[in-house]
Amino acid sequence: AASRLAGKTVLITGASSGIGKATAYLFAEASGGEVTLVLTARRVAVLDSIKADIEAKYPKTKVFPIGLDVSKLAEIDSFVENLPEGAKDIDVLVNNAGMVHGTEQVGEILQADIDIMFQTNVFGLIALTQKIIPIFKAKGKGDIVNLGSIAGREPYPGGAIYCATKAAVKSFTETLRKELIATRIRIIEVDPGQVETEFSVVRFRGDKSKADAVYKGVEPLIAEDIAEVIVFAVSRRENTIIADTLVFPNHQA
Ligand code: NDP
């Protein structure tokens, strides 16, 4: 499958950590180093060090680290319009940036948390997809991988907003796939269960000990497990769509 990835330009949101970062490394490895990576997140300094590391390991891989806050719709417009030379010809979009904030139940949820979760997980994903779809339609092909969650299928108390954002991602993704069926634009959704990343630290507002407690006595997935599914889906033959995949650690069944 390396030859199917060679020469592609892959845009990943939320590439500074966890699943997005692991996916960047795996595209470099699985393509034999023959990819261009456009890595975005808010923490550009982190992306700069990832660029240095990937380009040292894979000398033929070109990495473009670009600051992008997907919760700010105006940034998305100017980001796509100002993609640098060498990074414009996107073949694969991985809509990975996402977050959860807080564990409050309905009635106690902070409006600011509602706003940021929807802005990041839903409005940002939709806005970036809207900008990329015309590029893919003009080329007649392309891949979009959206990160949903088990939370979008099985809501849980204390997660009303996060679960609703991921259910929205699922509905949006399925609609888009149906709109584009019979084209060579593939719409792929990957729904992780529990993966140990910075995700839980963000959920507990930076409280690392509460985040660590989530994984006590269980064996969560690691980011690379999800990266493998994303890269596998994108490296299938062009008429093969791995449409919707739920991946969870075996304790979470
Ligand atoms: P991490 O917290 O480790 O990584 C999240 C990434 O998203 C970071 O790179 C962060 O970068 C970026 N991000 C957050 N907010 C924004 C924003 N406003 N604009 C741009 N980038 C942003 O979490 P994961 O790797 O675990 O999460 C990746 C995806 O997987 C998310 O969509 C999440 O919902 C989903 N998921 C995760 C699960 C888990 O158990 N970990 C389970 C199911 C789904 P920066 O802070 O630099 O902007």
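Rule-based calculations on the coordinates, nothing more; no lab input. All of these numbers come straight from a predicted model, not from anything done at the bench. Here Cβ is always computed from backbone atoms with ideal geometry, including for glycine, and neighbour counts include all displayed protein chains.
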Checklist entry - Where does segment 1-135 land on Rg/Rh, using Cα atoms and the Kirkwood Rh? => result 1.02
Item to check | Reciprocal of mean inverse Cα separation for the chain (Kirkwood radius, Å) | outcome: 18.3
Checklist entry - Stretch ARG184-ALA6 to full length: gain in nm at 0.36 nm per residue minus the Cα-Cα span? => result 62.3 nm
Checklist entry - LYS139 to PHE232: extension gain in nm, 0.36 nm per residue of separation minus the Cα-Cα distance? => result 31.3 nm
Checklist outcome for this item: FRET efficiency for PHE248 and ALA52 from the Cβ-Cβ distance with R0 = 35 Å, rounded to 0.05, comes out at 0.55
Checklist entry - On a 0 to 90 degree scale, rounded to 10, what angle separates helix 44-57 from the longest Cα axis of the chain? => result 50
Item to check | Helix 125-139 axis, angle to the chain major axis (alpha carbon atoms, nearest 10°) | outcome: 20
Item to check | Difference of contour (0.36 nm per residue) and Cα-Cα distance, ASN239 to GLU108 | outcome: 42.5 nm
Item to check | J(HN,Hα) series, segment 108-115, from Karplus relation 6.51 cos²θ - 1.76 cosθ + 1.60, nearest Hz, glycine and proline x | outcome: 10, 5, 6, 4, 4, 6, 4, 4
Checklist outcome for this item: Measuring from the longest principal axis of the C-alpha atoms of the chain, the long axis of helix 160-180 (C-alpha) lies at a number of degrees, nearest 10, equal to 30
